[in-house]
1. Could you check how many residues of the range 125-134 are open to solvent by 40 Å² or more (accessible area, probe 1.4 Å) and either in a helix (DSSP H, G or I) or over 15 Å from Arg101 (Cβ atoms) (or both)?
2. From the list Leu135, Leu108, exactly one residue is at pLDDT 90 or above and in contact with an Asp or Glu (Cβ under 6 Å, 6 or more places away or on another chain). Which is it?
3. Hey, among Ser137, Ser78, which residue is under 21 Å from Ile166 (Cα atoms), open to solvent by 30 Å² or more (accessible area, probe 1.4 Å) and among the hydroxyl-bearing types (Ser, Thr, Tyr)?
4. Taking the condition of being exposed (fewer than 14 other Cβ atoms within 10 Å of the Cβ) and in a helix (DSSP H, G or I), how many residues in the range 96-106 meet it?
5. For residues in the range 149-158 being modelled with pLDDT of 90 or more and open to solvent by less than 60 Å² (accessible area, probe 1.4 Å), which is farthest from Pro86 (Cα to Cα)?
6. Go through (1) without any contact (Cβ under 8 Å) to a residue 40 or more places away in the chain; (2) surrounded by 12 or more Cβ atoms within 10 Å (Cβ to Cβ) and name the single condition Gly111 misses.
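The values are calculated or read from the model by the stated rules, or taken from the named source; none is laboratory data. Just so you know, these numbers come straight off a predicted model, no measurement behind them. Note: ideal-geometry Cβ built from the backbone for every residue, glycine included; neighbour counts use all protein chains shown. Protein only, heavy atoms only, side chains kept; ligands, DNA and RNA dropped before computing areas. Shrake-Rupley method; radii C 1.70, N 1.55, O 1.52, S 1.80 Å.
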Amino acid sequence: MDIRGISEEGKGVKIESSAPVVEEAPSPAIDDKKGSAADDDDDDMDLFGEETEEEKKAAEERAAAVKASGKKKESGKSSVLLDVKPWDDETDMQKLEEAVRSVQMEGLLWGASKLAPVGYGIKKLQIMMTIVDDLVSVDNLIEDYLLVEPANEYIQSCDIVAFNKI
């Protein structure tokens with residue numbers, strides 16, 4: 001074998017390392033039995049969220065305080081922005097808006113609206129509404145009123161753009 005620069009095989013070659021030599025430390029003995037301290041720690045952690053007696057008592061006191069105050073809890077209101085998309089660029093947007101606003105129910109108040117460009121000459125209706133949360137479900141409003149006859153003649157789809165609690 002002809003290797004240039006080396007006259008004899010392995011002569012003058014030293015292998016050095018800057019890493020310190022580490023002696024293997026004996027591993028600690030593994031205890032077969034579980035420690036009683038570990039069992040005590042498990043008792044402190046409640047994985048299933050069960051109420052303790054103290055928590056139950058506190059909850060009952062809060063409920064009694066609410067009843068004693070005599071105030072009726074008001075139902076929350078929400079402001080919702082809907083995108084109502086037509087079938088094509090030839091859809092009459094005035095009739096589409098009339099179809100949307102024709103939906104009337106308790107707890108629903110229609111607000112301002114505007115036409116926003118989508119592309120290729122198609123515009124979508126952006127309309128605000130204020131709802132009483134306990135009385136109106138936005139999903140049911142869309143599925144049961146806006147995407148069925150006769151409104152679906154003008155409306156292809158509805159999207160909730162913003163949903164804010166008031």
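1. So the first thing to find is which residues in the range 125-134 are open to solvent by 40 Å² or more (accessible area, probe 1.4 Å), and the list is 128, 130, 133-134.
Applying the additional criterion that residues be either in a helix (DSSP H, G or I) or over 15 Å from Arg101 (Cβ atoms) (or both) yields 133-134.
Residues meeting the conditions: 2.
2. The unique qualifying residue is Leu135.
3. On inspection, the qualifying residue turns out to be Ser137.
4. 2
5. Keep residues of the range 149-158 that are modelled with pLDDT of 90 or more, which gives 153-158.
Next, only the ones that are open to solvent by less than 60 Å² (accessible area, probe 1.4 Å) stay: 154-155, 157-158.
Values: Tyr154: 6, Ile155: 5, Ser157: 7, Cys158: 9 Å.
The extreme case among them is Cys158.
6. Of everything listed in (1) without any contact (Cβ under 8 Å) to a residue 40 or more places away in the chain; (2) surrounded by 12 or more Cβ atoms within 10 Å (Cβ to Cβ), Gly111 misses just condition (2).
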